[in-house]
Amino acid sequence: MRGEGSRVWDDRGRSYLDARSGVWAVTVGYGRPDVVEEVSRQLGRLSFAPLTDAASPVAFDLAAGLVERLPGDLGTVALVPTGSEAVDTALKFARAYHSAGGDRRRRIVISREYSAHGSTYAGSSLSDPDRGLLRGIGGRLSGIRFVPAPYRYRCRYCAEAPACTLACVGVVEEAITAAGPDRVAAVFAEPVPGPGGVLVPPAEYWPRLRELCDRHGVLLAADEVVTGFGRTGRWFACDHWGVVPDLMILGKGMTGGYQTLGAVAMRRHVSERLERRLIPHGFTYSGHPAACAAALACLRIVHAEGLVARAAAGGARLLDGLRRALAPCPQVGEVRGLGLMVAVELVEDRASRTPLPLRARDLDRLERDLRDRGVLAFVDNPVMLAPPLVVTDEEIDHLVEATSAAVRALGERARG
Ligand code: PLP
């Protein structure tokens, strides 16, 4: 196996356009000598530096580089090894924040349906129960409540209405009120849930969520593990709506897939309060020098090569191409997306919007069909595409052609 740009080759030498970006992680492309060199140079210079000793200049450089890109006063960054550990850390910080402010009753955390927040116990507990991450394990962490996420196509409140009623924000407020507003610590949410189906919220959702959290003294934690670092056509998805969360959770694309790294960015009011009450927290491999070097290289490349704008333009081309190519296919209910994350929702028919029933062998066939056409995609319902930010226009056109042909063939099989 090897990779270069947006493509990977299997052991038989066949090449595929990787529209999964590994697992939503590859940004600057595979096989970049510049990233490899910077990581290797760092390993040669200093291969390990415990963050507790504050001895790693590369970690400080990275923190400074992140703060420069992060919105608002997200000015302090805690580095951890993975996205899941960043979620875990953010949950601890959210509760510790209230406790440090003398408010020990605020323990409840609100999460949303369709969410994916990782595989630690906290991440699994915060993820949609239907993901099955706690199967056979027992109950979730205590104090987590779920509310619906904005999912316009299948909204239980206003799917049939001509315009979104924002009832999906109203239910967050209802959940806060039901729990007791002085008992809620935080709302955890992905700006655009990716693995849950690329659910692009209405433009007013995040500003309203921000306002609601402020009104009730609840922290807003945005999980940008998938959406951060250019994926949606802005540096961070929250930038689309001018919203600054209190905690921002980062991972995946931060190192473009070259190393493993996660982070929690905090607004000043959070870091100042937590600094007064330092909690023992950290992982052996928090902010490993090689990971920091990879992240610094990726930050530089994303900026220098204009990959954020590239994701916006490439994403629009992908969305538009798929919408046109799939318009005649009655089994396609909706094609939606933001930047380089796009979903194709499959239905029995457009009038009923009933999800197309897909057995394991239908999904296998679709996956094989896509591979035969040289594409790796997230094959489920919806089918999801998220190529690296360096994907070229020619590759996007190929992706449109291959995906629409495979989906049309699936539709024909479904119609018998
Ligand atoms: N948050 C979101 C939104 C994710 O999609 C994931 C993983 O898919 C995670 C957190 C966990 O990240 P990691 O797998 O790097 O631990």
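Laid out as a table, the results:
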| quantity | calculated |
| --- | --- |
| Among ARG106, ARG267, ARG350: highest mean-square fluctuation, GNM of the chain, C-alpha pairs under 10 Å | ARG350 |
| Accessible area per residue in Å² at 1.4 Å probe, computed on the chain | 41 Å² |
| Carbon and sulfur %, accessible surface of the range 331-416 computed with the full protein complex present, 1.4 Å | 44 percent |
| Percent antiparallel among DSSP beta bridges (both partners in the range 33-304, rounded to 5) | 40 percent |
| Cα centroid separation - the range 246-287 against the range 162-237, whole Å | 20 Å |
| Separation of the GLU174 and ALA159 label points, Cα + 7 Å toward Cβ, nm | 1.7 nm |
| Residue with peak Gaussian network fluctuation, the chain [Cα springs, cutoff 10 Å], from GLY257, GLY101, GLY29 | GLY101 |
| Sparsely packed trypsin sites (Lys or Arg not before Pro) within the range 5-53, loop by DSSP, other Cβ within 10 Å at most 11 | ARG12, ARG14 |
| Surface share of carbon and sulfur [accessible, 1.4 angstrom probe, percent] for the range 33-304 | 52 percent |
| Global form of the chain, assessed from the alpha-carbon gyration tensor, a/c cut-off 1.5 | oblate |
| Most mobile of GLY314, GLY374, GLY138 in a GNM of the chain (Cα contacts under 10 Å) | GLY138 |
| Length-normalised contact order for the chain - Cα pairs under 8 Å, 6+ apart - percent | 23 percent |
| Where labels lie 7 Å past Cα in the beta-carbon direction, separation of ARG12 and ASP34 in nm | 3.6 nm |
| Exposure rule at most 14 other beta-carbon atoms within 10 Å, DSSP loop GluC sites (Glu not before Pro): the chain longest free segment | 1-159 |
| Global form of the range 233-321, assessed from the alpha-carbon gyration tensor, a/c cut-off 1.5 | oblate |
| Size of electric dipole in the chain: Cβ of Lys, Arg +1 and of Asp, Glu -1, about Cα centre, debye, nearest 20 | 820 debye |
| Cα gyration tensor shape for the range 7-120, rounded if a/c is under 1.5, else prolate or oblate | oblate |
| Calculated [θ] (222 nm, deg cm²/dmol) that DSSP helices of n ≥ 4 give over the chain, each run adding -39,500 (n - 2.57) | -12500 deg cm²/dmol |
| Distance from the range 358-372 to the range 291-321 (C-alpha centre basis), Å | 30 Å |
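The values are calculated or read from the model by the stated rules, or taken from the named source; none is laboratory data. Because the structure is a prediction, the values reported are computed rather than measured. Cβ sites come from the backbone with ideal geometry, for glycine too, and all protein chains shown count toward neighbours. For accessibility, only protein heavy atoms count, side chains too; no ligands or nucleic acids. Shrake-Rupley method; radii C 1.70, N 1.55, O 1.52, S 1.80 Å.
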